[in-house]
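> Got a structure for you, questions after.
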Amino acid sequence: MKIISSKTEYEAIMARIDELVEIVDDNTSQTDKNYIELDFLTDLVVIYEKEHFPIGKLSLPDILKARMHEMNLTQKSLAKILDISAPRVSEYLNGKTEPTLRVARKIHKELNVDANVILGAM
């Protein structure tokens, strides 16, 4: 199987994927030539992007900020949910300190953050 070897190839394949997405839908047969082409090109793009655009591991502050945004929370409202002070939330968001086990459990339960993600981020 050929791999994408340049940015030009990557951009051309992305353009073709855009075209195919307009043609292929949930009702398209897996034996349809457009479906097969889209599946093949997407696999190539995934391989290229993993090498050229790696996504780093999110830190706990990143995770908390994302969840705050998703849930439309302020530092003050997050502090209330976690039963801690607002300055303590600020310390977590700035990476100055890590949560205790009790707070990590609340993050898991109240913010619906996977425990493995919390433990891996700490």
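> Using a Gaussian network model of the chain whose springs link C-alpha atoms within less than 10 Å, name the residue from 101, 78, 58 with the highest mean-square fluctuation.
101
> Mind jotting down a quarter of the surface of the convex hull over the alpha carbons of the chain, in square nanometres, one decimal?
So the mean shadow area of the Cα hull is 10.8 nm².
> Can you work out the PRE-style zone for residue 59? Point 7 Å along Cα to Cβ, and I want the residues of segment 92-120 with backbone N under 18 Å.
92-100, 117-120
> Given segment 7-52, report the % of alpha carbon pairs whose separation exceeds 14 Å.
Details: 512 of 1035 pairs.
Of the Cα pairs, 49 percent sit more than 14 Å apart.
> Between residue 102 and residue 74, what length in nm is gained on full extension when 0.36 nm per residue of separation is reduced by their alpha carbon distance?
So the chain would gain 8.0 nm between residue 102 and residue 74.
> As a test of understanding, state the convex hull volume per residue of segment 60-121 from its alpha carbons, in Å³. Don't skip to the answer; put the middle values down first.
Working: hull volume 4.3 nm³, N = 62.
Residue-normalised Cα hull volume stands at 69 Å³.
> Assuming 0.36 nm per residue, please report the length gained on full extension of the stretch residue 67 to residue 26 beyond their Cα-Cα distance.
Using 0.36 nm per residue and subtracting the Cα-Cα distance, I get 11.7 nm.
> Can you list the lysines whose alpha carbon is less than 27 Å from that of residue 7, not counting same-chain residues fewer than 8 positions off?
Cross-link targets: 33, 50, 57.
Read-outs: derived from the displayed coordinates by stated rules, not from any lab. The structure displayed is predicted, hence computed values, not measured ones. A quick note on method: Cβ atoms are made from the backbone with ideal geometry, for glycine too, and the neighbour counts reach across all protein chains shown.
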